[in-house]
1. Find the relative contact order for segment 22-123 and round it to a whole percent, using C-alpha pairs within less than 8 Å whose residues are 6+ positions apart.
2. State the volume of the convex hull built on the alpha-carbon positions of segment 1-47, expressed per residue in Å³ and rounded to an integer.
3. Fewest Cβ neighbours within 10 Å first, please rank 98, 59 accordingly.
4. Provide Rg over Rh for segment 22-123; use the alpha carbon set for both Rg and the Kirkwood Rh (inverse mean inverse pair distance).
């Protein structure tokens, strides 16, 4: 799965006089999408709640959008490396609008998670292997060097490995 959105540097210095706007909403939403897709490249894929399309004017803020931010932030954190980023908020219709301290918590957590993922990606070991010339289910594989992340390797035995999604791959490991 490829990353479909760009990372935008989070704003981590919110104060009470700052106004939350569509650009802020889209930055947070897209950064959460980026983190989810990035984590799916490094780990066994997992799902998050759909946050919809980018917001445009005019907009009426829906609490479900902010609650989705909170749930997705928690899910990504749970999947990659559980850290304590404070207590998640729940927003209610006609309740208090998202505050500066909560925006700082969310955006600082996302920045920290991206840093964790960058470090983990740099440290991921890869297992190179060649697929020999043989037929499997009418498909001809040529001798090409392929790489599989150790994170997806579940078991190996003799001439095959089994990935976490239970695909068996016949291999000949060369020194």
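1. Taking the mean separation of contacting Cα pairs over the length of segment 22-123, I get 33 percent.
2. Measuring per residue, one finds 88 Å³ for the Cα hull of segment 1-47.
3. Lowest to highest Cβ neighbour count: 59, 98.
4. Result: Rg/Rh = 0.97.
Every read-out reported here was derived from the displayed coordinates using simple, explicitly stated rules and does not represent laboratory data. A quick note: this is a predicted structure, and the numbers were derived from the prediction, not measured. Methodologically, a virtual Cβ is constructed for each residue, glycine included, from the backbone with ideal geometry; neighbour enumeration extends over all protein chains shown.
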